[in-house]
Amino acid sequence: MTLRKARIALVVFGILLPYSARLPRGIDWLSQYTDSGLQGVLLLGAANAIAWGALVAVSFVYQRPESLIAPAVLGYGFLAWAHFSLDLRADAQAAVALLFIPVYALVPIAVGSVVGYAVDRWLRRSSAG
């Protein structure tokens, strides 16, 4: 896989992640995200662009697509857990979490990016040598 294809996969997976993370709890849980209409879908998509945009930005530092595994697993893992556990019906202000979840995901993405950079350097050295 090339880095270009990996970037496309990151974007597509990042857009679908909030919805797919809610599926294990059932259609009623998923409908909390889908019943808001086009405006809700656009808001959720724009908020999550913070996270997948950071991953795409990090990918420009790497030369090997394998280096994206660590930041993607950590970042998308946090996002999946957060969207899976967020109950929008629990509180009137629960929807505010939709804006903070992608911002908080930047921390695991940053940690994974450091690991990914080390992997990228190691892969470059091993292929050059």
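Where a number appears in this text, it was derived from the coordinates with a stated rule and is not lab data. Just so it is clear, the model here is predicted, and its values are computed rather than measured. Note: ideal-geometry Cβ built from the backbone for every residue, glycine included; neighbour counts use all protein chains shown.
Ordered by the number of other Cβ atoms lying within 10 Å of each residue's own Cβ, fewest first, VAL58, VAL73 fall into the sequence VAL73, VAL58.
Its Kirkwood hydrodynamic radius, worked out from the mean inverse distance over all distinct Cα pairs, puts the chain at 15.4 Å. Charging the Cβ of each Asp and Glu at -1 and of each Lys and Arg at +1, and nothing else, the dipole of the range 3-128 about its Cα centre rounds to 640 debye. In this calculation the C-beta distance from ALA46 to VAL12 is compared with R0 = 22 Å, giving a FRET efficiency of 0.85.
Seen against the Cα atoms of the chain and their longest principal axis, helix 69-85 is set at about 10 degrees.
Could you give the angle, 0 to 90 degrees to the nearest 10, between helix 3-22's Cα long axis and the longest principal axis of the Cα atoms of the chain? Helix 3-22 sits at roughly 30 degrees to that axis.
Largest mean-square fluctuation among ALA80, ALA46, ALA70, in a Gaussian network model of the chain whose springs join Cα atoms under 10 Å apart, belongs to ALA46. In the range 80-129, the inverse of the mean reciprocal separation of distinct Cα atoms equals 13.4 Å; this is its Kirkwood hydrodynamic radius. The distance separating the Cα centre of the range 1-61 from that of the range 88-129 comes to 13 Å. Using just its DSSP H runs of length 4 or more, each adding -39500 (n - 2.57), the chain gives a mean residue ellipticity at 222 nm of -25500 deg cm²/dmol after division by all residues.
If R0 is taken as 41 Å, the Cβ-Cβ distance between ASP28 and MET1 corresponds to a FRET efficiency of 0.65.
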